[in-house]
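First comes the structure, then the notes that go with it.
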Amino acid sequence: GENVEQHPSTLSVQEGDSAVIKCTYSDSASNYFPWYKQELGKRPQLIIDIRSNVGEKKDQRIAVTLNKTAKHFSLHITETQPEDSAVYFCAASLTDSGGYQKVTFGTGTKLQVIP
Amino acid sequence: NAGVTQTPKFQVLKTGQSMTLQCAQDMNHNSMYWYRQDPGMGLRLIYYSASEGTTDKGEVPNGYNVSRLNKREFSLRLESAAPSQTSVYFCASSLGPGQGFYGYTFGSGTRLTVV
């Protein structure tokens, strides 16, 4: 089955700096890559996603890049703010023969933005 | 529009007790899921229901049962709780097979402690 590795497990940055979180996946059939943000004690929430036919997607201060050949994708947060502090999860999903989307999550990155 | 609603938010059980976690969504999603979240292990799939009338095992199904009561509701039952089932449980929903995939909407979680 699919295996998703996420690095680093913890990341501390100064406010205003950039943060990068990297994930690799094993199954080349994966075609959808969402990122979730989970604030302390809250539910995970989808913040950005990318499909396999796109190499990069940007939404204000966050961007995601996908390298299908190398089977890795990354989350980039620029001009970090204290409210960006949270755990971030990457995920890879593929469609099985029945049309069902199978999702595998990474183990999470705890981002701390230091004011 | 409540999204995905989970009850209860907190629960303490004694070893061997049973309980049912309830989940309901009002987004007309076809697929529903139960995940558990443990420190350092990310989100692990317990059971899922790709569409009304179907349920399937995920990565960690032992000790759990599920019921897809109707399109809106998907419950998770612990028949004989064990300390290893102490975790945070999240219900989630998504559009479903053949409708594209746009990520999950998660419930607010149930923090379960088994003593």
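The values are calculated or read from the model by the stated rules, or taken from the named source; none is laboratory data. Computed from a predicted model, the values in this text were never measured in an experiment. So basically every Cβ, Gly included, is an ideal-geometry build from the backbone, and we count neighbours across all protein chains shown.
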If you check every pair at least six apart or on different chains, which have Cβ atoms under 7 Å apart with a residue in the stretch A:95-115 that is assigned to a loop (DSSP other than H, G, I, E, B) first and a residue that is of a type in the set (D, E, K, R) and modelled with pLDDT of 80 or more second?
A:96/A:102; A:106/A:5; A:115/A:15
Flag for residue B:16 being farther than 30 Å from residue A:10 by Cα and in a loop (DSSP other than H, G, I, E, B):
yes
How many residues are among the basic types (Lys, Arg), more than 14 Å from chain A (Cβ to nearest Cβ) and in a strand (DSSP E or B) if we restrict to the stretch B:69-115?
1
Residue A:90 passes all but one of the listed conditions (1) in contact with a Phe, Trp or Tyr (Cβ under 9 Å, 6 or more places away or on another chain); (2) at positive phi; the exception is number (2)
Condition check for residue A:24: part of a strand (DSSP E or B), in contact with an Asp or Glu (Cβ under 7 Å, 6 or more places away or on another chain) and not hydrophobic (A, V, I, L, M, F, W, C)
yes
The residue from A:89, A:73 that alone is outside any loop (DSSP other than H, G, I, E, B), buried (at least 20 other Cβ atoms within 10 Å of the Cβ), in contact (Cβ under 8 Å) with a residue 40 or more places away in the chain and facing chain B (nearest Cβ under 10 Å) is A:89
Please verify whether the stretch B:43-53 includes one or more residues that are touching a Pro at 6+ places or on another chain (Cβ under 8 Å) and more than 22 Å from residue B:88 (Cβ to Cβ).
yes
Name every residue in the stretch A:40-50 that is exposed (fewer than 13 other Cβ atoms within 10 Å of the Cβ) and either among the polar types (S, T, N, Q) or in contact (Cβ under 8 Å) with a residue 12 or more places away in the chain (or both), in order of residue number.
A:40
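Considering only the stretch B:10-52, how many residues are within 15 Å of residue B:66 (Cα to Cα), surrounded by fewer than 20 Cβ atoms within 10 Å (Cβ to Cβ) and within 9 Å of chain A (Cβ to nearest Cβ)? Explain how you work it out, then say what you get.
Step one: of the stretch B:10-52, the residues within 15 Å of residue B:66 (Cα to Cα) are B:18-24, B:31-36, B:45-52.
Narrowing the set further to residues that are surrounded by fewer than 20 Cβ atoms within 10 Å (Cβ to Cβ) leaves B:18-20, B:22, B:51-52.
So of that shortlist, the ones also within 9 Å of chain A (Cβ to nearest Cβ) come out as B:51.
Within the stretch B:10-52, residues that are within 15 Å of residue B:66 (Cα to Cα), surrounded by fewer than 20 Cβ atoms within 10 Å (Cβ to Cβ) and within 9 Å of chain A (Cβ to nearest Cβ) number 1.
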For residue A:35, which of the numbered conditions (1) surrounded by fewer than 19 Cβ atoms within 10 Å (Cβ to Cβ); (2) free of Cβ contacts under 8 Å to residues at least 60 places away in the same chain fails to hold?
(1)
Select from the stretch B:29-68 the residues that are without any contact (Cβ under 8 Å) to a residue 12 or more places away in the chain and either assigned to a loop (DSSP other than H, G, I, E, B) or closer than 17 Å to residue A:93 by Cβ (or both) and list them in ascending order.
B:39, B:40, B:41, B:42, B:56, B:62
Go through the stretch A:76-86 and give me each residue that's assigned to a strand (DSSP E or B) and surrounded by fewer than 20 Cβ atoms within 10 Å (Cβ to Cβ).
A:76
Among the residues in the stretch A:27-50, are any more than 17 Å from residue B:104 (Cβ to Cβ), within 13 Å of chain B (Cβ to nearest Cβ) and not in a strand (DSSP E or B)?
yes
